[in-house]
Amino acid sequence: MRHIVLASHHRYAEGLADTLAFLGCRKKLNVICAYVDEKPLAPMVDELFGAFDPQDEVLILTDILQGSVNQAFAPHMGERVFLVTGATVSLALELCLAGEPLTAESIARSIELARQSICLVNTLDSSAEEGDE
């Protein structure tokens with residue numbers, strides 16, 4: 001079974017989950033919004049992982065590399081537990097809709113696709129034909 005965890009400082013993960021649902025992601029998303037109350041982050045992470053079977057696949061998407069949220073999940077990384085940071089809507093959607101079992105290679109391909117969608121629109125050639133969304 002695949003578990004998807006969205007985790008962030010404040011409410012970014014909550015908004016990302018809402019946006020993914022709006023765009024058609026029907027997977028159950030585990031959302032952790034850190035520092036919105038007095039509850040410490042580490043027990044929230046431990047409680048979440050306590051509910052997962054060790055044989056399950058877990059995809060964790062966090063907001064900031066080297067941030068405290070990302071660091072709280074780092075000890076859980078493993079063969080079936082993938083920690084991806086810098087989550088954007090396009091990357092999260094791509095990974096959430098992946099049908100095959102995740103691998104480091106498939107995740108790296110999704111990250112590269114997401115990187116290609118990040119650009120300064122002011123510098124795009126407006127004379128080139130562009131398709132709809």
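Read-outs throughout are calculated quantities, based only on the coordinates presented, and are distinct from any laboratory measurement. In this text, all values refer to a predicted model and were calculated from it rather than measured experimentally. Glycine gets a Cβ as well: all are built from the backbone with ideal geometry, and neighbour counts include every protein chain shown.
Overview of results
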| quantity | calculated |
| --- | --- |
| Computed magnitude of the charge dipole of the chain (debye, nearest 20; Cβ of K, R +1, Cβ of D, E -1) | 300 |
| Within a Gaussian network of the chain (alpha carbon springs, distance under 10 Å), most fluctuating of Thr88, Thr123, Thr103 | Thr123 |
| Candidates per chymotrypsin sites (Phe, Trp or Tyr not before Pro) in the stretch 1-45, loop by DSSP, up to 11 other Cβ within 10 Å | none |
| Debye-sum result for the stretch 2-117 in log10 I(q)/I(0), which assumes one identical scatterer on each alpha carbon, at q = 0.10, 0.18 Å⁻¹ | -0.26, -0.90 |
